1. When residues of segment 196-210 are filtered for being part of a helix (DSSP H, G or I) and surrounded by 22 or more Cβ atoms within 10 Å (Cβ to Cβ), how many remain?
2. Hey, among the residues in segment 113-142 that are over 23 Å from the mean Cα position of the chain (by Cα) and not in a helix (DSSP H, G or I), which one's surrounded by the most Cβ atoms within 10 Å (Cβ to Cβ)?
3. Mind telling me which of the residues 231, 185 ends up being in contact with a strand residue (DSSP E or B) (Cβ under 7 Å, 6 or more places away or on another chain), over 27 Å from residue 311 (Cα atoms) and either surrounded by fewer than 17 Cβ atoms within 10 Å (Cβ to Cβ) or at pLDDT below 85 (or both)?
4. Got a number for residues in segment 291-329 being farther than 25 Å from residue 162 by Cβ and modelled with pLDDT under 90?
5. Over 23 Å from residue 312 (Cβ atoms), in contact with a helix residue (DSSP H, G or I) (Cβ under 6 Å, 6 or more places away or on another chain) and modelled with pLDDT of 85 or more, is that true of residue 190?
6. Give the residue, chosen from 104, 61, 75, that is modelled with pLDDT under 50 and exposed (fewer than 14 other Cβ atoms within 10 Å of the Cβ).
């Protein structure tokens, strides 16, 4: 019973972490959105395409592609609200509802239903992360990494929900060969959150801040400096200055990796894979009905696998990157 209460406490923390995570992610998405498709910009683009068609009527119409930037749906107090932000809010609300519904106030000693599923997920992640990190670090990172995993899984899977990316408003395409709305929409209401680089960069930024905080908390400030730049091997006093310069260079590379390469790898890997899948599905649906039906059936199975794997990879990289900062080598213990 005591273990169940502890697990319930951990699961309840997911809601708080999701709220904080979505707040900062939404702020980053508002601040960092690059070249959003504004209504005025969309109208000017439509006019330019119309004039180009009038000049060269024999030219083939350009295929509609998924834009790299999110689409602005409406402003709030001068701040643009994009279709990825709307979808992010929906995903966050869905997670909060599921967590609250599966963790009742009266904890059952023998769980059943969704409580059993959520506790199994908690146990599995707790055991996996506990095999990688120190027990004290596991208590810090476990709710954070698990929340990332749950949020990214649901965000990725929205890519496969009918209507996401196809329901919206815009100018009908007279050259459309398909009877589906996807060929007639220029500004969809919904777009998978992880196809927006602003959100993945925001999550990577949150990870960077938290990983440095945990590293300082675990090692101490000067202990972290020693952990990064210190000589990590036994050596004689005569050779120590040479090895000190060598490990100083290695520490500089490690610092560059911690502050830049790792967050970029987290953000771009997730964004690139999910955005590529969204683009491929969009290209498939612009074929004739039979080709679209056959290819989309295969791609839906493949994209489901990719969505799950990318969420798992993101969460495990978070754990692994924190583990490299919150650990003591044998040489450090010897010194």
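The values are calculated or read from the model by the stated rules, or taken from the named source; none is laboratory data. Worth saying up front: this structure is predicted, and the values here are computed from it rather than measured. Quick reminder, even Gly has a Cβ in these numbers, built from the backbone with ideal geometry, and neighbours come from all protein chains shown.
1. Just the residues of segment 196-210 that are part of a helix (DSSP H, G or I), to begin with: 197-210.
Next, from what is left, pick out any that are surrounded by 22 or more Cβ atoms within 10 Å (Cβ to Cβ): 197-200, 202-204, 207.
Selection size over segment 196-210: 8.
2. Checked segment 113-142; the qualifying residue surrounded by the most Cβ atoms within 10 Å (Cβ to Cβ) is 134.
3. Numbers: 231 fails: in contact with a strand residue (DSSP E or B) (Cβ under 7 Å, 6 or more places away or on another chain).
Within the list 231, 185, the selection yields 185.
4. 7
5. Values: over 23 Å from residue 312 (Cβ atoms): yes; in contact with a helix residue (DSSP H, G or I) (Cβ under 6 Å, 6 or more places away or on another chain): yes; modelled with pLDDT of 85 or more: yes.
The answer is yes for residue 190.
6. Numbers: 104 fails: modelled with pLDDT under 50; 75 fails: modelled with pLDDT under 50.
The unique qualifying residue is 61.
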